[in-house]
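One structure below.
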Amino acid sequence: MTDLETRPAVDWLALGAVVVTVVSWASAFVAIRGVGESFGAGPLALGRLLIGSSVLGVIVLVNHRWANRRWVKPNRTQWLQIVSIGVFWFGIYNVSLNAAEQRVDAGTTSMIIQIGPLLVALFAGLLLGEGFPRWLVIGAGIAFAGAVMVGVVTAVTTTSTTKTDANFLGIVLCLVSAVTYAIGVLSQKPVLRTIPGLQVTWMACTIGAVCTLPYAPALLDDLDASSAGATGGLIYLGVVPTALAFSTWAYALTRMNAGKLGITTYAVPPITITLAWLLLGEIPHYLAVVGGVICLVGVGLSRRR
């Protein structure tokens, strides 16, 4: 039997889920940047999570009643994992990300947060037994070099069209987002082995919304003062980058190992920079574009068998 005959077929559904996730999350950086002048960091997180939880809840109900998808009751360990996802990834991550983007442009933010996938790959190998495949390590190193290059270039080269400069607090908040992202992914992978991804995503999103409920009065004030465009941006964040993208991510995570899937998010920054350039007028330095290409090369190499 030849190598071509023994090589596993490409999982096109998982690949499609990854593409949807990456593009949706890239657009989220730009949308957050765009509506950040109308909503505070906490209120924006709460509004996004409430909308996402509502949409996901409807989908879960439809699957349960018409698609015969049973509800799986989590045990104590699984509850702890789901709560960890909700608190860290949906709650803290979103608030810190929103606050970071009030101080740092969308491209730089998306670059710095790419430290998260490296933490995922590292700890997935150590804690989840996924090991350290050669091409994963090589691809991660190249992609991280590209991420550093874009982050540094974008931070030190400010154009007249950039709304704010990267500052120390903004960088720290980006790092907080990266760490909480990694905690969320590592908590999510084990629980998805026995509980459907859609159920886990809805529960975690709801927990995140509950954690951000103290921002409810501020959200009402911001909604009252916001424009129709800003409110539309908030709705978009709840429906697409939250409800849709987190669902497709969970689906892909059940069919791929956490390390490799985490590395694919290195494709987010180049897309974010392009969208920010087109929609927000945040023009990237040409060296940032080179760094983005390096990121994509690293992603491609990490996916080699």
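Rounded to two decimals, the Cα radius of gyration of the chain over 2.2 N^0.38 Å is 0.98.
Dipole check for the chain: with +1 at the C-beta of Lys and Arg, -1 at the C-beta of Asp and Glu, and the Cα centre as origin, the magnitude is about 1120 Debye. Dividing the convex hull volume of the alpha carbon atoms of region 1-121 by its residue count gives 185 Å³ per residue.
Using the Cβ of Leu275 as centre and a radius below 14 Å, the other residues enclosed give a net charge of -2, where K and R count +1 and D and E count -1.
Can you tell me the order of 216-229, 95-108 when each peptide is scored by its average per-residue count of other Cβ atoms within 10 angstrom, highest first?
Final packing ranking: 95-108, 216-229.
Using the Kyte-Doolittle scale, which helices in the chain average at least 1.6 and also have C-alpha atoms spread 20 Å or more along the helix axis, with helices defined as whole DSSP H runs?
Details: long enough: 12-35 (34 Å, 1.83); 41-66 (37 Å, 1.18); 134-156 (33 Å, 1.91); 168-191 (35 Å, 1.70); 197-211 (21 Å, 1.37); 286-302 (25 Å, 2.21).
Going by DSSP H runs, the hits are 12-35, 134-156, 168-191, 286-302.
Using helices alone, what [θ] at 222 nm do you get for the chain, with -39,500 (n - 2.57) per DSSP H run of 4 or more residues, divided over all residues and rounded to the nearest 500?
-23000 deg cm²/dmol
Where a number appears in this text, it was derived from the coordinates with a stated rule and is not lab data. Computed from a predicted model, the values in this text were never measured in an experiment. Please note: Cβ atoms are built from the backbone with ideal geometry, for glycine as well, and neighbour counts cover all protein chains shown.
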